Amino acid sequence: MIDLDEQIAQTLREHAEGGVDTDRLLRASRARGRRRQVHRRAAMGTALCLVGALGFVGVTGSDLDELTGRLPWTTATSTPSVVLPRADGVPGAAADPTLVGADPQVLHFGVDPARARYLGWEVIRDHAERVRLSVAGSEEVLIDVSRNVEVFSGSVTVDGTSFDVTESGRPVFDGAIRPASGVAGALVMLWQPVPGLYARAVMLQGNRAVLTKAVEALRWKEARRCAAPLRLGALPEGAKVTGCSVDVDSYPRVVTARFDVVRAPTERMSVEYRYVSQGGTYTNADRTIAGRPALLSGRGTRLELVGIPKTTVLADFAWPAGEGTPMNWPKSFTEADATLVLADVKLSEDPTRSQTWE
């Protein structure tokens with residue numbers, strides 16, 4: 001089986017003549033994370049059997065300390081958690097639900113880090129806010145929050161699987177936990193945290209207790225920034241950020257982030273960031289942006305900063321232009337627009353320390 005890091009590197013290099021399959025990248029990351037979790041549990045059982053056989057003879061005090069980092073169970077408890085920084089001066093959803101979705105770089109609710117671990121978060125302007133989390137190593141729980149009840153009609157996608165959460169397609173926000181429609185073992189809960197605000201919690205596999213704990217871990221009286229190891233600065237005239245999405249499922253080994261920039265229906269740009277701890281450094285360049293080497297893709301639709309260790313930063317600026325696009329298709333953002341954006345991005349010096357993110 002191809003290692004995750006090799007798969008990511010292969011996917012990133014494919015961008016030269018085609019689009020990066022972000023969904024594939026995220027699915028691979030999450031699937032690998034679940035396999036590691038299974039392997040850790042199996043290793044933990046083996047280690048406990050070994051300790052039982054030894055009777056803990058000679059494995060106490062300083063001897064046990066020397067084994068830290070090598071015993072299989074240490075990997076199961078050493079995964080650091082990401083805590084999103086507070087959005088100072090911004091009220092949470094409980095105080096003002098109309099703010100939900102208003103700022104694409106702010107989440108108007110948080111997660112208690114003592115009860116759950118962030119796997120990812122996302123804000124789509126004027127639409128919804130989302131977090132993915134796990135409780136004590138459980139399966140992923142997806143939380144969507146919106147002021148618009150229509151957001152919850154139709155299907156939902158969890159860990160690459162799409163399904164309808166209710167048989168009728170008409171959500172009932174009564175706080176009851178029900179089996180989701182179409183996927184055996186999937187659970188869904190719909191409720192109103194405060195009047196005027198709607199929420200949905202979904203998990204593919206698990207039990208009601210886990211889903212309840214995930215919902216109880218949410219904090220509605222606080223606001224958190226959609227933090228990432230990359231922060232945008234200057235934007236082209238008339239453009240605005242409409243989406244922020246971050247994946248930390250495999251943190252600190254892998255971190256991905258994406259910002260969507262829009263100026264008109266046919267003018268969209270995505271700025272993508274990927275850090276892979278075991279990745280290499282791509283150095284081929286044909287231009288310079290703010291003193292950094294850069295590379296334009298063969299089709300002239302994607303601009304990438306290169307030479308950043310273990311990191312990829314690129315702007316896909318010609319959406320929806322591509323293979324088969326009519327010659328008379330309205331123009332999108334230009335290379336000059338992408339250059340302006342990449343010239344002013346701010347990067348964390350250490351992506352593995354989330355407290356340095358903005």
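The values are calculated or read from the model by the stated rules, or taken from the named source; none is laboratory data. From a predicted model like this one, the values you see are computed outputs, not experimental measurements. Here the Cβ positions follow ideal geometry from the backbone for every residue, glycine too, while neighbour counts run over all protein chains shown. Accessible surface areas use protein heavy atoms only, side chains included; no ligands, DNA or RNA. Shrake-Rupley method; radii C 1.70, N 1.55, O 1.52, S 1.80 Å.
When each of the peptides 185-194, 85-94 is scored by the mean number of other C-beta atoms lying within 10 Å of its residues, the order from highest to lowest reads 185-194, 85-94.
The stretch between Ser155 and Val83 holds 23.0 nm of extra length on full extension. This uses 0.36 nm per residue minus the Cα-Cα distance. Remark: spin-label model distance Ala234-Lys310 equals 3.1 nm, labels positioned 7 Å along the Cα→Cβ axis. Packing-based ranking of 222-230, 95-103, 309-317, 237-245 yields 222-230, 309-317, 95-103, 237-245, ordered from highest to lowest mean Cβ neighbour count within 10 Å. For segment 222-358, the solvent-accessible area with a 1.4 angstrom probe is 44 square angstrom per residue.
Model label sites at Arg353 and Arg178, defined 7 Å from Cα along the beta-carbon direction, differ in position by 4.9 nm. Charge dipole (Cα centre; +1 on Lys/Arg Cβ, -1 on Asp/Glu Cβ; no other charges) of segment 143-286 amounts to roughly 440 debye.
Working ranking of peptides 172-179, 135-142, 146-153 by packing, defined as the average number of other Cβ atoms within 10 Å per residue, highest first, is 135-142, 146-153, 172-179.
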